[in-house]
Structures are given as C-alpha cells and as structure tokens.
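Report on the structure given below.
Rule-based calculations on the coordinates, nothing more; no lab input. Only a predicted model underlies this, so the values are computations on that prediction, with no experimental measurement involved. Please note: Cβ atoms are built from the backbone with ideal geometry, for glycine as well, and neighbour counts cover all protein chains shown.
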Protein chains: 2
Amino acid sequence: MDAPIGVFDSGVGGLTVLRALTARLPEEHTIYLGDTARVPYGTRSREVVTRYALLCARHLAAQGIKMLVVACNTVSADSLPALADALPIPVVGVIEPGAQAAAARTRGGAIAVLGTPATVASGAYQAALRRLAPLSSVLARACPLFVPLAEEGWTDGEVPRLVAERYLADLRRAGADTVLLGCTHYPLLANVIAEVMGPGPALVDSAQATAEAVAQLLRARGLERRGDGARHRTLCTDVPERFHLMAERFLGRPVDLVEAVDLSP
Amino acid sequence: MDAPIGVFDSGVGGLTVLRALTARLPEEHTIYLGDTARVPYGTRSREVVTRYALLCARHLAAQGIKMLVVACNTVSADSLPALADALPIPVVGVIEPGAQAAAARTRGGAIAVLGTPATVASGAYQAALRRLAPLSSVLARACPLFVPLAEEGWTDGEVPRLVAERYLADLRRAGADTVLLGCTHYPLLANVIAEVMGPGPALVDSAQATAEAVAQLLRARGLERRGDGARHRTLCTDVPERFHLMAERFLGRPVDLVEAVDLSP
C-alpha cells in the first residue's frame, strides 16, 4: 500500500524513532510531525496532552497516512486509547514495544527503565513490565539532563559521563541486567550509558523495538509498500530553523526541507 | 498605592526576579504568573511569543496590578512595545536594567553576556550594551545546559563546574571584566559561574538590576505601598505540582498555594 506512515512527536526526539523505522522499512513513505509550538508535553496535564495529540493526529490522518506511530513517550502513556478511538487506522505507541523487548531480553535480573520525569511518574513502563516480565524487579530512574545533553550534541566526553554516573551508579550496583531507553532522546547517549553501566546489562531501545512492531503489523495487515523512491516529509508547528539543525543531528542525514504547519486550536 | 505588582514569566525562571523584587521592596503586594502550559518561549517565533505574552499580561491587568514586570528575557527582547501599547500601566522588562547595570560596572574591558540560545540570538542585550557602553566589546554566549541544571537543583559540584568551564573558559581568557547573567535561571548558578570566571570579573544579575529599576519607577510615579502584611499570589497555567516544587527551590522559601488558571486562547 503506497500511503505513508505518520510519525508524531512533541518535538525532535521522535526522529530517533523515524530513523529506526526508515532503517527497518526503507521502502515506506513517511510523514513526520513534531509539535514544536507546544513542546515539551512532559510537564503538561493528561487532558492538555490528549487535546494537543488529537490535533496533531488528525492533521496527519488528513494527509492520508495508513498507520500512526506515536513516537512520544508522554502521549503513548497518556493518550493512546483516545487516539485509537479517534482514528480509523492502526495506532502504535512506543511503550508496549519497548517493554516487550526488555521483557524478552532480561534473564531474571532487574530491568532499569530510564525516562523523563513525566514518563517515569506516569508508571506506564513499570505497569507494562510487571505484566510482561512478572518475575523481574523494575527500577525506574528519571534522567532530566539527558535531553538537553542530546540536544546540545554533548553525547560523549566527561560531562555526559559524569551525569550518567550520577543517575545510573545505583542501578549498576543493584545488578540490572537490562536497561530500557524509555525516552526518544536517549539513543543519542547510548554509548555513554553503556560505558557507565558496564559490560553486563543489555541496552534495549524503544525506538528499534517500535520499528519492529510496526514492521510486523504492516505485514499482518497486508499494508506494506514495495519499491524504490521512498519519500520523507518533515513537518513542525513553529519556526523550522532550529528544528532543521536538530533534525539533521537526530537523523544522522541531511534533511531537504522542514515545512511549518499551523495547528492553533 | 495598595495595588499589587504583576510579575510575568514563561515558567519558573522569573521567580528569581520576584525574589529580588520582594527583597528590595518588602512592603509591596505581588502576583506572579508563570505560563507553564506554553513554556518554553525561547524556541518560538516572535509572533507566537507576543500572542502568548498579551494573553498573560491582560490576565494580570484584570487583577488590578499597578505595574507589569516582564521577567522573561524572550518576551523582554521580542514583545515589550506590544505589551506597553496594550496596557494602561508601566511595563518594565529585564534587558534594559541588566544592560544598564553591566554598563555601570565595566571598567572598559569586555562584557560577557550569558543567556539562552534564543536570548543570545535575539541580540537584544548586545544592542543595548553597544548603546550604553560603546567603548566596551561585548561577548555573548548561549549556555543551554544551565537551565536544566538549575531546575534539577545541581547548582554546585563537579557537573555544573565542568559545564561552566566548557561554556566560559574562552570568555575568561578573553579578559571579560563584567559577566551579565542574562537568563532568569542563572542566578542559581552564580557561585559556580564566579568560581570558573575567577576573582576578576564582576557578576551582574538582571534580576537585581530589574528590582532596582522597579523601585525607582515606583518612587518616581508615587506608586509605592507603605505598610506590613504584603501578600504574594502565585499563578501558573498548567498542573501546579511540579511548579510548586520549583517555586520553593527558586524562591528559597515555602510557598502556600499555587493557583492554576486557564488561559487557552
């Protein structure tokens, strides 16, 4: 099916999900929408997050997407049922695939979930892991400085290593055997996180797990596209300049054009 | 005059201005409004910033304030004329007082301006300093990690010192004799900044300079309040819980109540 996959996030972070998706499914068209006029969602109430998410999802649906990938952890935790009710297409979030991948990797040790304060406070990963890996203990840790470090491009060297040491030392001592990167920005810091956690634990990336879940769902529903010439559109809701710079950093490739769209309610 | 002073910021940062204001003018009533539903402003376009700022300013004006203090650097740089046109009361921003204080302190060396990427890119401090201190050179430096460090409460120790060293080392080597803290969050990191810059340069805080400017303007217009029992109200536009925690960190005192207000356009 030739229609594009829609990918939605509150800002630039979801581009790591888009990157994993286009690597896994290089023949698929995509449309990415970052709601940069209202980022960050993580400090907003559930009602406000759901209102913003519906605006964005309806805009993407109006572009004729065949599936919506919610790359934002906050929206995945708070608003997935509301989006699934509102749209006539499949809706995939990042939390369930990430938790499934972590549950498949643990060997009975503790699972450490890293996320923003909002994601950790929502308890969504913890609840999914208690269901999917009932024998494992779950340790959740909010790492608020990881997002600005990733956006600043400080992804190796002394500063991110010290910050990671401060957030992660007791998770390492607690013997975590699996570390779930439960925030779209954190894959950019994967090397530093792996270094601080040591050689034991497996790192599980929600972005890659979500790309795999999307691939399986497309196949199961017969919605795959076959052929060359996949097209990728990038939209954001405020001035595109800073977004453009970040987009190239997060995607690891040049981006032709970022289109600004007005989604004022 | 018994009416309160209104203080407006995009989030919690302006509380450092409120703190300086209540220290300088302990008899004045205040109402603080943090637009936490739309924070941060620093990445938004001028049109969007002005639209949000007008909403907030009109809400405060409707509470009967006698003066509006715009504690937000982005709004002070982008939208001060629009606010002054829209309101029948005096409007004071943070940039002009901060630049005046820096111009008064420099002894002909370079003035270093520290701010968010948006404030530095706006060029507002640089333009004011070229006018007020035409013989000084101005060096501006965006320090995006300082805001999350202040909000995380990591204001001393190895991590903030290394971050400050990375941002400030070449300003120190360039021989700056004055350092202007051009972001409302940065006073929380003043000790680390002073340590990294060494004993030479004077630190100038826009918050304190603004409090002094407000005191002078109140006196000049005969608007001062005399008497005990100053009351302080705190409003924000999204869920108050996280704001409350930050408010106590930024004000350095307990806060009774944070009121949520709905300013949806």
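Remark: region B:95-206 carries a charge dipole of roughly 520 debye about the Cα centre, counting +1 on each Lys and Arg Cβ and -1 on each Asp and Glu Cβ. Our helix-only sum for chain B, with -39,500 (n - 2.57) per DSSP H run of n ≥ 4 divided by its residues, gives a mean residue ellipticity at 222 nm of -14000 deg cm²/dmol.
Chain B holds its axis-closest Cβ, relative to the rotation onto A, at the residue and whole-Å distance B:Pro148, 2.
Peptide A:152-165 is shielded by partner chain Cβ atoms: per residue, an average of 3 of them sit within 10 Å of its Cβ. Distances between copies of B:Gly109, taken at a point 7 Å out from Cα along the Cα→Cβ vector and listed shortest first: 5.1 nm.
For region A:206-265, applying the loop criterion from DSSP together with a ceiling of 16 other beta carbons within 10 Å to the GluC sites (Glu not before Pro) yields A:Glu224. Can you tell which of A:Gly108, A:Gly229, A:Gly34 shows the greatest fluctuation in a Gaussian network model of chain A with Cα springs below 10 Å? Sorting by GNM fluctuation, first place goes to A:Gly229. For region A:101-124 versus region A:127-189, the inter-centroid distance based on Cα atoms is 9 Å. In order along region A:51-61, the Karplus-derived 3J(HN,Hα) couplings, from 6.51 cos²θ - 1.76 cosθ + 1.60 at θ = phi - 60°, round to 4, 5, 5, 5, 4, 5, 5, 5, 5, 5, 4 Hz, and Gly and Pro are given as x.
Would you mind classifying region A:95-206 by shape? Square roots of the alpha carbon gyration tensor eigenvalues, ordered a ≥ b ≥ c; an a/c under 1.5 is rounded, otherwise it is prolate if a/b is larger than b/c and oblate if not. Note, shape of region A:95-206 comes out prolate.
The overall shape of region A:1-109 is oblate: from the C-alpha gyration tensor, with semi-axes ordered a ≥ b ≥ c, the ratio a/c is 1.5 or greater and a/b is no larger than b/c. As a calculated quantity, the FRET efficiency between B:Arg253 and A:Leu135 at R0 = 45 Å, using C-beta atoms, amounts to about 0.45. Charged side chains reduced to their Cβ positions (Lys and Arg at +1, Asp and Glu at -1) give the protein assembly as shown a dipole of some 20 debye around its Cα centre.
Counting Lys and Arg as +1 and Asp and Glu as -1 over every other residue whose Cβ lies under 14 Å from the Cβ of A:Ala23, the net charge comes to -1. Working note: Debye formula, equal point scatterers on the alpha-carbon atoms of region B:210-259, no solvent; log10 I(q)/I(0) at q = 0.18, 0.25, 0.33 Å⁻¹ is -0.77, -0.93, -1.17.
When you filter the trypsin sites (Lys or Arg not before Pro) in region B:179-262 for DSSP loop state and at most 10 other Cβ atoms inside 10 Å of their Cβ, you are left with B:Arg226, B:Arg231.
Taking amide H as placed 1.01 Å from N in the peptide plane, A:Val113 has its amide H under 5 Å from the amide H of A:Leu139, A:Ala140, A:Arg141, A:Leu180, each at least 5 places away in sequence or on another chain. Region A:198-261 and region A:68-87 have Cα centres spaced 17 Å apart.
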